[in-house]
1. For Phe43, work out the one condition from (1) modelled with pLDDT of 95 or more; (2) surrounded by 15 or more Cβ atoms within 10 Å (Cβ to Cβ) it doesn't fulfil.
2. Collect the residues in the stretch 53-86 that are in contact (Cβ under 8 Å) with a residue 40 or more places away in the chain, within 25 Å of Phe105 (Cβ to Cβ) and not hydroxyl-bearing (Ser, Thr, Tyr), keeping them in residue-number order.
3. Does Gly115 fit the bill of being modelled with pLDDT of 90 or more and either surrounded by 16 or more Cβ atoms within 10 Å (Cβ to Cβ) or outside any helix (DSSP H, G or I) (or both)?
4. If you take just the helices (runs of 4 or more DSSP H) that sit entirely in the stretch 1-83, which of them hold at least 3 residues that are closer than 20 Å to Ile118 by Cβ?
5. When you go through (1) crowded, with 16+ Cβ neighbours inside 10 Å; (2) in a helix (DSSP H, G or I) one by one for Arg122, which number turns out not to apply?
6. If you go through the stretch 56-67 one residue at a time, do you hit one that is among the β-branched types (Val, Ile, Thr) and crowded, with 18+ Cβ neighbours inside 10 Å?
7. Which pairs have Cβ atoms under 6 Å, sit 6 or more apart or on different chains, and link a residue in the stretch 100-121 that is under 21 Å from Leu54 (Cα atoms) to one that is among the small types (Gly, Ala, Ser) and surrounded by 20 or more Cβ atoms within 10 Å (Cβ to Cβ)?
Amino acid sequence: MERFLIVCGAGAVGCGARYLVTLWAMERFGERFPYGTLIVNLFGSFLIALVLELSIRFASFPPNLRLALTTGFMGGLTTYSAFNYESTAMLSDGQVARGLLNIGFTLIGCLVAGGLGIVVARRFGAG
């Protein structure tokens with residue numbers, strides 16, 4: 001039950017963070033492109049790779065912290081469903097270039113962000 005509550009609590013914080021990032025991105029960059037979803041997915045890809053790699057490298061990394069950050073916080077922060085809907089909506093509305101840009105930026109960007117998270121964790125773990 002403790003681990004369940006950890007995931008739920010951290011997930012709620014992640015959901016709230018996603019909401020705030022989306023509001024900020026819409027205010028800052030406008031609503032013509034789903035910048036908020038892109039930002040949270042890029043950041044989440046980086047952070048989950050960083051946390052998981054650090055938890056592998058350091059035996060002292062608390063398992064409940066790993067669970068809270070990955071399954072909880074990042075599970076609430078990142079959102080494939082919003083990415084899918086926004087991309088599909090752009091494509092079906094005839095905004096093919098914008099939809100393909102969203103798909104490309106998200107897929108390639110998240111792979112790069114995840115790889116960067118692993119590199120940062122390994123450099124941190126080597127020092």
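1. Here Phe43 clears every test but (1).
2. Glu53, Leu69, Phe73, Met74, Gly75, Gly76, Leu77, Ala82, Phe83, Glu86
3. Details: modelled with pLDDT of 90 or more: yes; either surrounded by 16 or more Cβ atoms within 10 Å (Cβ to Cβ) or outside any helix (DSSP H, G or I) (or both): no.
Here the answer is no, as Gly115 does not meet what is asked.
4. 35-57, 63-67
5. (1)
6. Residues of the stretch 56-67 that are among the β-branched types (Val, Ile, Thr), as a first pass: 56.
Filter once more, so that each one left must be crowded, with 18+ Cβ neighbours inside 10 Å: none.
Checked the stretch 56-67: no residue is among the β-branched types (Val, Ile, Thr) and crowded, with 18+ Cβ neighbours inside 10 Å.
7. Pairs that qualify, where the first residue is under 21 Å from Leu54 (Cα atoms) and the partner is among the small types (Gly, Ala, Ser) and surrounded by 20 or more Cβ atoms within 10 Å (Cβ to Cβ), are Cys110/Ser45; Ala113/Ser45; Gly114/Ser45; Gly114/Ala49; Gly117/Ala49; Ile118/Ala49.
Here is a yes/no grid of residues against (1) over 17 Å from the mean Cα position of the chain (by Cα); (2) more than 22 Å from Ala10 (Cα to Cα):
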residue: Ser60; (1), (2): yes, no
residue: Gly76; (1), (2): no, no
residue: Asn84; (1), (2): no, yes
residue: Ser87; (1), (2): no, yes
residue: Gly94; (1), (2): yes, yes
residue: Arg98; (1), (2): yes, yes
residue: Gly104; (1), (2): no, yes
residue: Leu116; (1), (2): no, yes
residue: Phe124; (1), (2): yes, yes
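The values are calculated or read from the model by the stated rules, or taken from the named source; none is laboratory data. Just so it is clear, the structure is predicted and the values come from calculations on it, not from any experiment. Using ideal geometry, Cβ is built from the backbone for each residue, glycine included, and neighbour counts are taken over all protein chains shown.
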